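Working notes, beginning with the structure itself.
The values are calculated or read from the model by the stated rules, or taken from the named source; none is laboratory data. From a predicted model like this one, the values you see are computed outputs, not experimental measurements. Here Cβ is always computed from backbone atoms with ideal geometry, including for glycine, and neighbour counts include all displayed protein chains. The protein model used for the area step is the full one, side chains on, heavy atoms only, and it has no ligands, DNA or RNA in it. Shrake-Rupley method; radii C 1.70, N 1.55, O 1.52, S 1.80 Å.
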Amino acid sequence: MTYRKTMLTLPADVFGAFESITDSDVRDAYMVRLRDAEWTLQSISEAAGITRERVRQIVEKGTTADASAFPLPEPPKHEKAAPRVYVEPDPVKL
């Protein structure tokens with residue numbers, strides 16, 4: 001099953017975690033962990049206070065720091081709407 005990932009907002013404890021991080025390497029590692037947990041670039045950028053593009057660059061670069069002490073919530077799962085099914089018209093009635 002496929003899920004849509006739009007309009008996601010990280011929980012308040014993640015915002016607090018970003019405020020408490022003083023080391024940039026740990027901050028980068030936390031962003032990588034959130035991205036690996038399938039959070040969107042937009043939601044991570046809002047929590048970290050930087051742009052989506054900067055988050056993408058940090059995730060692409062990667063890091064070796066340890067950020068396992070910070071919360072790692074699972075993104076909410078929203079089912080995609082079923083595709084519309086259209087009925088072919090009867091050629092006799094056309």
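Numbers below:
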{"quantity": "Probe 1.4 Å, protein heavy atoms only - accessible area per residue of the chain in square angstrom", "calculated": "72 Å²"}
{"quantity": "Rounded tilt (10° steps) of 52-61 against the dominant C-alpha axis of the chain", "calculated": "70 degrees"}
{"quantity": "Environment charge at Ile58 (Cβ cut-off 14 Å; Lys +1, Arg +1, Asp -1, Glu -1)", "calculated": "+1"}
{"quantity": "Net charge, Ser20 excluded, C-beta distance under 13 Å - Lys, Arg +1, Asp, Glu -1", "calculated": "-2"}
{"quantity": "Loop GluC sites (Glu not before Pro), segment 4-94 (other Cβ atoms within 10 Å of the site Cβ: 14 or fewer; DSSP)", "calculated": "Glu38"}
{"quantity": "Counted charge near Ala67, where neighbours are those whose Cβ lies closer than 15 Å (Asp, Glu -1; Lys, Arg +1)", "calculated": "-3"}
{"quantity": "The chain - mean residue ellipticity at 222 nm from DSSP helices (-39,500 (n - 2.57) per run, n ≥ 4, rounded to 500)", "calculated": "-12500 deg cm²/dmol"}
{"quantity": "Cα centre as origin, Lys/Arg/Asp/Glu Cβ charges: segment 11-92 dipole, Debye", "calculated": "140 debye"}
{"quantity": "Reduced Cα scattering model of the chain, Debye log10 I(q)/I(0), q = 0.11, 0.17, 0.21 Å⁻¹", "calculated": "-0.40, -0.73, -1.02"}
{"quantity": "DSSP-loop trypsin sites (Lys or Arg not before Pro) across the chain, with at most 12 other Cβ within 10 angstrom", "calculated": "Lys77, Lys80, Arg84, Lys93"}
